[in-house]
1. Which one of Val36, Val145, Val172 has the biggest mean-square fluctuation once the chain is modelled by GNM with Cα springs under 10 Å?
2. Among all the lysines, which ones have a C-alpha under 21 Å from Lys127's C-alpha, if same-chain residues fewer than 8 places away are not counted?
3. Which ordering of Ile181, Ile64 is given by a fewest-first count of other beta-carbon atoms within 10 Å?
4. First measure r as the distance between the Cβ atoms of Val256 and Val172, then evaluate 1/(1 + (r/R0)^6) with R0 = 45 Å and state the FRET efficiency to the nearest 0.05.
5. Please compute the length gained on full extension between Asp161 and Glu273, using 0.36 nm multiplied by the number of residues separating them and subtracting their Cα-Cα distance.
6. Between Val86, Val246, Val178, where does the largest GNM mean-square fluctuation fall for the chain, given springs only between Cα atoms within less than 10 Å?
7. Using Cα springs under 10 Å in a Gaussian network model of the chain, which residue among Met315, Met334, Met207 shows the largest mean-square fluctuation?
8. Return an integer: the convex hull volume of the alpha-carbon atoms of region 57-159, in Å³ per residue.
Amino acid sequence: MINLKESLMLAFASINSAKLRSALTALGIIIGIAAVVANLSLGASFDQYFTDELGEFGDNFIIIIAQDTGIFGNSQLEVVRRTPGVEDVSALKQRSAEVTFGSVSRQITIEGSTQDLPDVLGINLEKGNYFTDNNQFVAVVGDQVANERFDRPIGNRNAIDITFRRNDGTKVTQTFKVIGITESTEPGALQTGFNPENSIFIPISAMNELLDETDYGSFAARTVTPEEVRPVSDQIDRNLARSLGVSARDLDRDDVKPYRIVNQADIIEQLGELTTALTVLITAVALIALLVGSIGIMNIMLVTVTERTKEIGLMKSLGFTYKDILGLFLIEAMVLGLIGGILGAALGLVGSFVLELYLDLPHVFPVYLIFAAFFISVFIGLASGTYPANKAAKMDPVDALRKE
């Protein structure tokens, strides 16, 4: 009866006797495991990246966007404000305008808002203060606009001219006094459609006065706790629908409602689903390499069985049983797979780290990937070696000894 220690020693001796062939056989497993590990690690890193990027705006925000002009006004703002669970809410309106400072003019995104916007979306100021609802022609300038868009930096108490184009084609220009500069943050690759550093903020009442309009483009709300985001979002939906005359049965029909609601929880979930789908797709392609690797192990084991036919016959004549021979070759196949798994996991870890460093992603490497890599590689070795091992174990000792 052969024991496990002896089986392992014989397996390593067989692999060592044909180093190049064994290395080429394990290459498929190495590449496959490395690709799977790297892809799953990158998927986890992208999930963390999206969560961190959205977290810059807080973890409990809700955005309500009008699908057309003239939908939202003060009454809808009060509907959102009075919804239980809403801590802060701000009206928003976005326009592109010509901004003149000194002798230089630039097209800049202008954000009209109410005084609660910094609390809702976590906008921090490096200098000065944000305006209140009682202010009129004052502005808070984004860091990039203040320091990069003009010939000289814009500072507090400077004056800027903002020229809007109305819907009827006429232009209106107003001078605004700068009372604050937003804080500079690290740039991110995730585009959310809202960039405080590259915008100028003015009171929404002043924007509407200059545009000769009265409506709002959207609302930004913040709940008391992150856990309340979804239920409060649903309640806002019901309240707004009632306010705008939308039937309760049409709440789930985005083609009927004149607005749409998004929140951080839904955005993270959708991004997570997208990341998962891409990870699964790429991993499925990587699994082809594992399939090739398993065929390689089966092939090398069949060759090994053929080369060691006489040895198998001698072992059987010395009393080795079917189970002994089967176990010997299965262990050899599993060792070959495990070696490929260890090298593949290490290569995948290094590869994912390099890619995450290059893409400026947070390094997330779930520990379970190491154990999964070992399990998969051993399983592939076991599955691939079963047929050759069974063939070897069933050999007739007399026929095997006669083999030339």
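1. Val172
2. Lys177
3. Ile181, Ile64
4. 0.80
5. Residue separation times 0.36 nm, minus the Cα-Cα distance, leaves 35.9 nm.
6. Of Val86, Val246, Val178, the Gaussian network model singles out Val246 as fluctuating most.
7. Comparing Met315, Met334, Met207 in a Gaussian network model of the chain, the most mobile one is Met315.
8. Roughly 129 Å³ of hull volume per residue.
Values quoted throughout were computed directly from the atomic coordinates according to the rules given, and no laboratory measurement underlies them. None of the values given here were measured: they were computed from a predicted structure. Neighbour counts run over all protein chains shown; Cβ positions are idealised from the backbone, glycine included.
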